[in-house]
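S.K.: Submitted below is the structure of interest, expressed as structure tokens.
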Amino acid sequence: MTDLDRTTLLDLLLRYVREELATGLPSGLITADSRLLELGVLDSVRTARLLAHIRTTYGVRVPPVHMTGEHFATPETITDLILLLRSRTAAR
């Protein structure tokens, strides 16, 4: 995957969450700072789907130490996690 700026990555992630994970919720309800756990968007199955999407689409494996409510709180925090992990992978 080519380098993406934060805004583009956030837009792509928001689209995925709205279209693939937040079924039944109005898409306008999911914004960059929406609390995904509190809205019921993320549960164990949807989190597993999101992790697979992150791995296949962005080439990043999320280590267990990063699988926290803090990192998966909002689309913004997930975007920041992806960027952090991609930068660490690129630095190797």
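The values are calculated or read from the model by the stated rules, or taken from the named source; none is laboratory data. Values in this document were obtained by computation on a predicted structure and should not be read as measured data. For neighbour counting, all protein chains shown are included, and Cβ atoms are generated from backbone atoms with ideal geometry for every residue, glycine included. Note: accessible area is taken over every heavy atom of the protein model, side chains too, but ligands, DNA and RNA are not part of it. Shrake-Rupley method; radii C 1.70, N 1.55, O 1.52, S 1.80 Å.
S.K.: Can you tell me the Rg and Dmax of the chain, counting just the alpha carbons, in angstroms?
M.R.: Cα-based Rg and Dmax for the chain come out at 12.4, 41 Å.
S.K.: Moving on to the next point. Return the carbon/sulfur percentage of the accessible area of the chain, one whole number, probe 1.4 Å, all protein chains in place.
M.R.: 53
S.K.: Now, a different point. Only helical DSSP H runs with n ≥ 4 go in: add -39500 (n - 2.57) per run for the chain, normalise by residue count and round the 222 nm mean residue ellipticity to 500 deg cm²/dmol.
M.R.: When only DSSP H runs of four or more count, the value is -16000 deg cm²/dmol.
S.K.: Could you work out how far the C-alpha centroid of the range 44-69 sits from that of the range 3-28, in angstrom?
M.R.: 15
S.K.: Can you order the peptides 76-89, 50-63 by their average number of other Cβ atoms within 10 Å per residue, highest first?
M.R.: 76-89, 50-63
S.K.: Continuing with this model, one more query. Which FRET efficiency value, to the nearest 0.05, do you get for Thr8 and Arg35 by plugging their Cβ-Cβ distance into 1/(1 + (r/R0)^6) with R0 = 22 Å?
M.R.: Efficiency for this residue pair is about 0.45.
S.K.: Report the percentage of all Cα-Cα pairs in the range 1-47 whose separation exceeds 11 Å, rounded to a whole percent.
M.R.: Everything past 11 Å amounts to 68 percent.
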